[in-house]
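Read through the structure below, which is laid out as structure tokens, and then see the notes.
The values are calculated or read from the model by the stated rules, or taken from the named source; none is laboratory data. These figures come from a predicted structure and were not determined experimentally. Cβ placement follows ideal geometry from the backbone for every residue including glycine, while neighbour counts extend to all protein chains displayed.
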Amino acid sequence: MLLDGSDWRKYFDAMERDAWRLETHPVCTMPQEEEAIRRFRAGEPVTAADTAAWTERLEGYRRTGRTVGRVHVITRPLTEYLRFEFAHYRHNVGAGEDVRILDLTDQENPGLPGQDFWIFDDSRVVLMNYRSDGTQINREVLDGDPRPYLEWKQLALARSVPFLEYVESMGE
């Protein structure tokens, strides 16, 4: 089953306890971000208003006892898109998202897939499918065993560091 638009939002919002993402792509091409990226390129800071739609959702999840987290697997130097995303992450963390970074610049991949995914309540997986240029193809509900995704989640969490700790250690 593919999820788009309001179906994706409903699926996401139906989580009972938590949503967690493994993010692996250094570039995502999202039409809804074009204007924000243009402003970022022009040197304008990412503001709370730029992230309000997501941070308001995060705050709503937190008020109902639900959590959202992610590990973003990266290598340096950061792409322009990752720098843009890092500017967003500061606001996400402030709204309660557990954003973590796994920097593989000086280490081998510990066995994580190159597939982005969300896992909801440790039981439902949605594969985030992208073209090589970072354009999202679709969101696909996994019809199969979520256990490998749970193992990758635990591995990524064990090897990553909190976002703010990472940027402070890098002098960002």
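Inspect all residues belonging to segment 60-77 and state whether any of them is closer than 24 Å to Val141 by Cα, of a type in the set (Ser, Thr, Tyr) and out of contact with any Ser or Thr (no Cβ under 9 Å at 6 or more places or on another chain).
yes
Which of the residues that make up segment 4-54 are farther than 29 Å from Arg124 by Cα and aromatic (Phe, Trp, Tyr)?
Phe40
Name the single residue that is surrounded by the fewest Cβ atoms within 10 Å (Cβ to Cβ) among those in segment 116-143 being modelled with pLDDT under 95 and over 16 Å from Leu3 (Cβ atoms).
Ser132
If you check Gly96 against the conditions, is it surrounded by fewer than 18 Cβ atoms within 10 Å (Cβ to Cβ), small (Gly, Ala, Ser), in contact with a Phe, Trp or Tyr (Cβ under 8 Å, 6 or more places away or on another chain) and in a loop (DSSP other than H, G, I, E, B)?
Against the criterion (surrounded by fewer than 18 Cβ atoms within 10 Å (Cβ to Cβ), small (Gly, Ala, Ser), in contact with a Phe, Trp or Tyr (Cβ under 8 Å, 6 or more places away or on another chain) and in a loop (DSSP other than H, G, I, E, B)), Gly96 qualifies.
Applying the selection to segment 144-172, what residues are farther than 19 Å from Val73 by Cβ and at pLDDT 95 or above?
Across segment 144-172, the qualifying residues are Asp145, Pro146, Arg147.
Ala36 - would you say it is more than 23 Å from Lys153 (Cα to Cα), crowded, with 18+ Cβ neighbours inside 10 Å, in contact (Cβ under 8 Å) with a residue 12 or more places away in the chain and under 18 Å from the mean Cα position of the chain (by Cα)? Give the steps one after another, and end with the answer.
Working: more than 23 Å from Lys153 (Cα to Cα): yes; crowded, with 18+ Cβ neighbours inside 10 Å: yes; in contact (Cβ under 8 Å) with a residue 12 or more places away in the chain: yes; under 18 Å from the mean Cα position of the chain (by Cα): yes.
Yes, satisfied.
Determine the pairs where a residue that is part of a loop (DSSP other than H, G, I, E, B), located within segment 118-142, has a partner that is among the charged types (D, E, K, R) and surrounded by fewer than 14 Cβ atoms within 10 Å (Cβ to Cβ) with Cβ atoms under 9 Å apart, the partner being 6 or more residues away or on another chain.
What qualifies is Asp121/Glu16; Asp121/Arg17; Asp122/Arg17.
Answer with yes or no whether Thr47 is hydroxyl-bearing (Ser, Thr, Tyr), out of contact with any strand residue (DSSP E or B) (no Cβ under 7 Å at 6 or more places or on another chain) and closer than 29 Å to Pro148 by Cβ. If you could, list the steps in order and put the result at the bottom.
Numbers: hydroxyl-bearing (Ser, Thr, Tyr): yes; out of contact with any strand residue (DSSP E or B) (no Cβ under 7 Å at 6 or more places or on another chain): yes; closer than 29 Å to Pro148 by Cβ: no.
No, not satisfied.
Filter segment 29-43 down to the residues that are over 12 Å from Thr135 (Cβ atoms) and either in contact with a helix residue (DSSP H, G or I) (Cβ under 7 Å, 6 or more places away or on another chain) or outside any helix (DSSP H, G or I) (or both) and list them by number.
Across segment 29-43, the qualifying residues are Ala36, Ile37, Phe40, Ala42, Gly43.
Loosely packed, with under 15 Cβ neighbours inside 10 Å, over 12 Å from the mean Cα position of the chain (by Cα) and assigned to a helix (DSSP H, G or I), is that true of Arg57?
no
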